[in-house]
């Protein structure tokens, strides 16, 4: 298939800046860029229309960017807790997706939708993870995602304590060492 030429109406990550003429695959143009009004087909009429509206688009983009920067400063360092069931080794029964993170952020005071959450891969284990929230094509915010089995476990993870089977074994070993130092006899049936 032949590539489709488009003129970008806003910055698109890993593609280009506003006003750039780019070549993309037809499906990407038809299913993402054109329906979301992020680009126009690069023909004579659309290029003339873009040039006529360029100052207006730049001003609107600048206004949205400033709003996103203010929001990022206000909620910077946001941390959310997601409670999930997990096995003894700490692996989740399922995963934490972008939708889960978006719902937790909304509950935490940052109203976003799942398409704004950027994850390299879904979260599949207990613990602290980072997720990037794109507030604007040029402004993003890092959110700490604390995945735990309970709120108590989440608080321990926040303090830096390890949780799970390895942590329980470590605590049992420390208890045994303390008992040995105190001269106690082990319980043998």
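At 0.36 nm per residue, minus the direct Cα-Cα distance, what do residue 75 and residue 144 gain on full extension? Give it in nm, one decimal, please.
Here the answer is 23.7 nm.
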Whole-number D in µm²/s for the stretch 1-54 (Stokes-Einstein; Kirkwood sum over Cα pairs; 4 °C, 1.567 mPa s) | 118
With all pairs of different alpha carbon atoms counted, what Kirkwood hydrodynamic radius in Å does the chain show?
-> 20.4
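Which of 8, 92, 62, 128 has the fewest other C-beta atoms within 10 Å, and how do the rest follow up to the most?
62, 128, 92, 8
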Counted neighbours (other Cβ, 10 Å), sorted fewest up, put 111, 144 in the order 111, 144
Considering Cα pairs under 8 angstrom that are at least six residues apart, work out the relative contact order of the chain and quote it in whole percent.
-> 17
Could you state the number of Å between the C-alpha centres of the stretch 1-51 and the stretch 80-112?
-> 35
So the FRET efficiency between residue 161 and residue 14, C-beta based with R0 = 45 Å and rounded to 0.05, is 0.75
Potential lengthening between residue 64 and residue 30 on full extension [0.36 nm per residue; Cα-Cα distance subtracted] = 9.7 nm
Arrange the following residues from fewest to most other Cβ atoms within 10 Å of their Cβ: 100, 20, 45.
-> 45, 20, 100
Would you mind telling me the antiparallel percentage of the DSSP bridges in the chain, rounded to 5?
-> 80
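None of the figures in this text is laboratory data; all of them are computed from the coordinates on show. Just so it is clear, the model here is predicted, and its values are computed rather than measured. Cβ coordinates were reconstructed from backbone atoms using ideal geometry, including for glycine residues, and neighbour counts include every protein chain displayed.
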